[in-house]
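Student: What follows is a single structure, and I will ask about it in a moment.
Taken together, the values in this text are just the output of simple stated rules run on the coordinates, not laboratory data. Because the structure is predicted, anything quoted here is derived from the model rather than measured. Every residue, glycine as well, gets a Cβ built from its backbone with ideal geometry; the counts of neighbours run over all protein chains shown.
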């Protein structure tokens, strides 16, 4: 019996229709939407990653369950009939999740719900992650996830990124030195999603409610990282505006609205927000490291276009990803 059939048996999904979700670039799991006789949908994830342990998966599942039980809008993890949040089949780890209500913004052509202003969406983006962070500040895990410097340190980056990228590695080292000066306490540092973007949540087009999924990269980090991630992904709303002043004005309005929603759930200090550029750089480093990791797994070289903008901004100290011009 192959892994997929065994997973179906373990979770009582025999006879279910399984539709594979197309892998996105850098994706490392096999994911299927499950439905049976038109009943409630679920998402089955099959993970065969050599760098993850049962402890990692249990920590992720425990965190999701905590969030769901305490009112965060997340796609909850569903235990197997035996009560396990994570099932192991040989070296493979299998989890079952609720199917998030709504749809991807991408699948709706990035059109928001009819009759509602786009500002409502921006507000809800902030409010949803704000609720998650509020709960993270109360969270006391029994299973351990990675903390930021466990991975993002120069020893690892020196091994990962070839010496031909010397200027880039110097730029990353400079930022990591600054990251190490940041405060680390319960108000500013805790479990974060680490990939909070419109590819990892559904929007209910009848209400505007957002349901978050894919906590595969969750990590202990600064809460402002998730906010900076919303900033970098918000650029898509103004990227074709030719006037750099209008782009900057749009992003200020966008992020102010995200923060309004965020602060309706939890606080973020002005001191941490004043370091937004540093956290934008942190998101760029995350994306660059991810590209090099993907290339290494495939035995390929990094496509320069995939890191070009991020690397250029880091090396040349270009603020705000260049939206205000160079």
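Student: Could you grab the relative contact order for the chain? Cα pairs under 8 Å, six or more apart, rounded to a whole percent.
Tutor: Dividing the mean separation by the residue count of the chain yields 18 percent.
Student: Taking a ≥ b ≥ c as the square roots of the Cα gyration tensor eigenvalues, with a/c under 1.5 meaning rounded and otherwise prolate when a/b beats b/c, else oblate, which class fits the stretch 49-199?
Tutor: Oblate shape, in that a/c is at least 1.5 and b/c is the bigger or equal ratio.
Student: Tilt of helix 276-298 relative to the longest C-alpha principal axis of the chain, in degrees (0 to 90, nearest 10)?
Tutor: Helix 276-298 sits at roughly 50 degrees to that axis.
Student: For the chain, find the longest principal axis of its Cα atoms and tell me its angle to the long axis of helix 223-234, 0 to 90°, nearest 10.
Tutor: 80
Student: Does anyone have the angle between helix 244-263 and the longest principal axis of the chain? Alpha-carbon axes, 0 to 90°, nearest 10?
Tutor: 50
Student: Continuing with the same structure: Rounded, prolate or oblate: pick one for the stretch 3-98, where a ≥ b ≥ c are the square roots of the eigenvalues of its C-alpha gyration tensor, a/c under 1.5 means rounded, and failing that, prolate if a/b is larger than b/c, else oblate.
Tutor: rounded
Student: On a full-extension model of 0.36 nm per residue, what is the gain between residue 150 and residue 137, subtracting their alpha-carbon distance, rounded to one decimal in nm?
Tutor: 2.6 nm is the gain from fully extending residue 150 to residue 137.
Student: Another one. Mind ordering 268-279, 212-223 by average Cβ neighbours within 10 Å, highest first?
Tutor: Top of the packing list down: 212-223, 268-279.
Student: Given the options 51, 243, 186, state which has the largest fluctuation in a GNM of the chain using a 10 Å cut-off (strictly under) for Cα springs.
Tutor: 51
Student: Tell me the relative contact order for the stretch 28-92 as a rounded percent, counting alpha carbon contacts under 8 Å between residues six or more apart.
Tutor: 25
Student: Just order 28-34, 320-326 by mean Cβ neighbour count inside 10 Å, highest at the front, would you?
Tutor: The packing order, highest mean first, is 28-34, 320-326.
Student: Between the stretch 1-66 and the stretch 234-272, what's the alpha-carbon centroid distance in Å?
Tutor: So the separation of the two Cα centres works out to 35 Å.
Student: On to the next question. Can you give me the distance in nm between label points at residue 241 and residue 296, each placed 7 Å from the Cα along the Cα-to-Cβ direction?
Tutor: About 3.9 nm, to one decimal.
Student: What nm distance separates the two modelled labels at residue 82 and residue 50, each placed 7 Å from Cα along Cα→Cβ?
Tutor: 2.7
Student: Still on this model: How much FRET efficiency would the formula 1/(1 + (r/R0)^6) give for residue 173 and residue 23, where r is the Cβ-Cβ distance and R0 is 25 Å, rounded to 0.05?
Tutor: 0.20
Student: Could you work out how much longer the chain between residue 312 and residue 158 gets when fully extended? Use 0.36 nm per residue separation minus the Cα distance between them, nm to one decimal.
Tutor: Length gained between residue 312 and residue 158: 53.6 nm.
Student: Then there's this: Between the stretch 99-158 and the stretch 176-228, how many Å separate their Cα centres?
Tutor: 5
Student: I'd like the FRET efficiency for residue 69 and residue 304, computed as 1/(1 + (r/R0)^6) with the beta carbon distance as r and R0 of 51 Å, rounded to 0.05.
Tutor: Once rounded, the FRET efficiency stands at 0.65.
Student: Could you give the length gained on full extension between residue 260 and residue 104, defined as 0.36 nm per residue of separation minus the Cα-Cα distance, in nm?
Tutor: 53.9 nm
Student: Here is a follow-up. With a ≥ b ≥ c the root eigenvalues of the C-alpha gyration tensor of the stretch 21-76, is it rounded (a/c under 1.5), prolate (a/b larger than b/c) or oblate?
Tutor: It comes out oblate by the Cα gyration axes.
Student: With springs connecting C-alpha atoms under 10 Å apart, model the chain as a Gaussian network and identify which of 139, 57, 123 has the largest mean-square fluctuation.
Tutor: For the chain, modelled as a Gaussian network with Cα springs under 10 Å, the answer is 139.
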